[in-house]
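All remarks here apply to the structure that follows.
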Amino acid sequence: MKLTLYQVDAFADAVFKGNPAAVIPLNSWLDAGLMQSIAAENNLSETVFFVRNPDSMDDTATITKGREASYHIRWFTPGFEIDLCGHATLASAFVIKNYIDPSVEAIHFTTEKVGSLRALCTNELYTLDFPARMPQPCEVPPTLFESLGISSAIAVLRSRDYFVVLPDEASVKKVDPNFFLIKQLDAIGVIVTAKGESADVVSRCFYPGPGVPEDPVTGSAHCNIIPYWCGQLGKTTLFAKQLSQRGGDLWCELVKDRVLMSGKCVPFMKGEIDLGTLF
């Protein structure tokens, strides 16, 4: 058995920026353990797999344009399967549009845990339609501040991840994560964010438990970041930057209970996985 693998830099306008994802189209599903092994072998923050669904339309869409195709999608970190990933979904939309089905304009992704997602493909810009996840107040874990190398925060909230609000962009840049301590927290990861100077809002995201110490660009984190900062800033559209070493730019809009995230993708590599020794 041979599989085609595309490596795509998402939320980027040039290679070596944004967040790389391995994208593997399938005709039918592989065993979950095998997909996890492939993700571990790739050792990128995400390896994404998808299988074509029968074409279907969903009238709950926030964004719809032109002919729509439907795919079921699953995401794997090097450590385990995750419930939602933005940059790998963006990369999947890029692969579908550029290599599989060039006439498609909207892509409907079905998922196991988070319902329907969509991607709109226009003029080299890809827009994701994801559920908003407003972080809620929570108790501050005793080691949280120590794990980030900070002494205090404006607010500590939680959705899937801990959500730490800092005073300014400089404070986000200065965060010095202790990945061992972050890994001990009872959450998948930690988001740190602040009102920005180089953008409306800025962030950094840490996921050492799933094998991603600092994620270059995290679409799923902006399901938290955008509704929070739209409320704080009294706006519904925000330009967001993730301040990782590679960096990433996201143009975002809050529409009711959905977050629209737009970005570019750049192909880095197309290759072939040979699983012949396993079958």
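The values are calculated or read from the model by the stated rules, or taken from the named source; none is laboratory data. Remember, predicted model here, so these are calculated numbers, not experimental data. We place every Cβ from the backbone using ideal geometry, glycine too, and count neighbours over all the protein chains shown. SASA here: full protein model, heavy atoms, side chains in, ligands and nucleic acids out. Shrake-Rupley method; radii C 1.70, N 1.55, O 1.52, S 1.80 Å.
Could you tell me whether Gly219 is buried (at least 23 other Cβ atoms within 10 Å of the Cβ), out of contact with any Pro (no Cβ under 6 Å at 6 or more places or on another chain), modelled with pLDDT under 95 and under 23 Å from Phe49 (Cβ atoms)? Yes; evaluated as a whole, the condition is true for this residue.
When the residues of the range 111-125 are filtered to those that are open to solvent by 90 Å² or more (accessible area, probe 1.4 Å) and touching a residue at least 12 places away in the same chain (Cβ under 8 Å), the one that is farthest from the chain's Cα centre (by Cα) is Glu124. Residues in the range 147-186 that are open to solvent by less than 50 Å² (accessible area, probe 1.4 Å) and of a type in the set (Ser, Thr, Tyr) were compared, and the one that is nearest to Glu197 (Cα to Cα) is Ser171. Note on the range 238-248: residues that are open to solvent by 20 Å² or more (accessible area, probe 1.4 Å) and touching a Leu at 6+ places or on another chain (Cβ under 8 Å) amount to 2.
Against the definition (of a type in the set (A, V, I, L, M, F, W, C), touching a His at 6+ places or on another chain (Cβ under 9 Å), outside any helix (DSSP H, G or I) and touching a residue at least 24 places away in the same chain (Cβ under 8 Å)), how does Leu254 come out, yes or no? Spelling it out, it is not the case that Leu254 is of a type in the set (A, V, I, L, M, F, W, C), touching a His at 6+ places or on another chain (Cβ under 9 Å), outside any helix (DSSP H, G or I) and touching a residue at least 24 places away in the same chain (Cβ under 8 Å). If you go through the range 96-110 and keep only what is surrounded by 22 or more Cβ atoms within 10 Å (Cβ to Cβ) and part of a loop (DSSP other than H, G, I, E, B), you end up with nothing. Listed by position, the strands (runs of 3 or more DSSP E) inside the range 126-233 whose residues that are touching a Lys or Arg at 6+ places or on another chain (Cβ under 8 Å) and free of Cβ contacts under 8 Å to residues at least 60 places away in the same chain number at least 1 are 190-195, 201-207, 212-215. Of everything in the range 257-279 that is among the aliphatic types (A, V, I, L, M) and part of a strand (DSSP E or B), the residue that is nearest to Ala39 (Cα to Cα) is Ile273.
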